[in-house]
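Some notes on the structure that comes next.
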Amino acid sequence: ALVSVPHTRFVKLTFSDREIITTEDHPFWIGRSCWASVHPYKSNHNYHQETSVQQLKIGDKVFLPVENKWIEVMSIEVVSQEQVMHTIELESGDNFVVNGILVKTEKRKW
């Protein structure tokens, strides 16, 4: 299912070959073999997690499964503006690919 939620705070992640605007608590699969977000407290507190989401930092590498490569996070910039963000809710599994990058689903605890 498509889930659309208005937000007022985002992050722009700049990689070696692309940019993406996302919520600060959305987890990405990184080269330390874990899920990581810019705001791991929110990721762990608000969503069901099988393993604890770690801190996403400049220099971390996120996975692009279709291209079978890793790209480095070059910068993390806070963006404050009201915008509707979209994610998907899966019947099974806990991850999907968006903009080429492997990300985790977000199942709210409430």
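When Tyr41 is tested against (1) aromatic (Phe, Trp, Tyr); (2) open to solvent by 80 Å² or more (accessible area, probe 1.4 Å); (3) in contact (Cβ under 8 Å) with a residue 40 or more places away in the chain, exactly one condition is not met: (3). Look at (1) crowded, with 18+ Cβ neighbours inside 10 Å; (2) in a strand (DSSP E or B) and you find that Ile21 fails only one, number (1). What number goes with the only condition from (1) more than 18 Å from Val3 (Cβ to Cβ); (2) assigned to a strand (DSSP E or B); (3) aliphatic (A, V, I, L, M); (4) touching a Ser or Thr at 6+ places or on another chain (Cβ under 9 Å) that Val62 does not pass? So Val62 meets the others, but not (4).
The rows are residues; the columns are (1) surrounded by 12 or more Cβ atoms within 10 Å (Cβ to Cβ); (2) at pLDDT 85 or above; (3) in a strand (DSSP E or B); (4) of a type outside the set (Asp, Glu).
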residue: Glu50; (1), (2), (3), (4): no, yes, no, no
residue: Lys57; (1), (2), (3), (4): yes, yes, no, yes
residue: Val66; (1), (2), (3), (4): no, yes, no, yes
residue: Ile71; (1), (2), (3), (4): yes, yes, yes, yes
residue: Ser80; (1), (2), (3), (4): no, yes, yes, yes
residue: Gly93; (1), (2), (3), (4): no, no, no, yes
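For Trp35, the conditions (1) aromatic (Phe, Trp, Tyr); (2) within 18 Å of Lys107 (Cβ to Cβ); (3) open to solvent by 60 Å² or more (accessible area, probe 1.4 Å); (4) in a strand (DSSP E or B) all hold with the exception of (3).
The values are calculated or read from the model by the stated rules, or taken from the named source; none is laboratory data. Keep in mind that this is a model prediction, so the values were computed, not measured. FYI the Cβ positions are ideal-geometry reconstructions off the backbone, even for glycines, and counts take in every protein chain you see. With ligands, DNA and RNA removed, areas are computed over all heavy atoms of the protein, side chains included. Shrake-Rupley method; radii C 1.70, N 1.55, O 1.52, S 1.80 Å.
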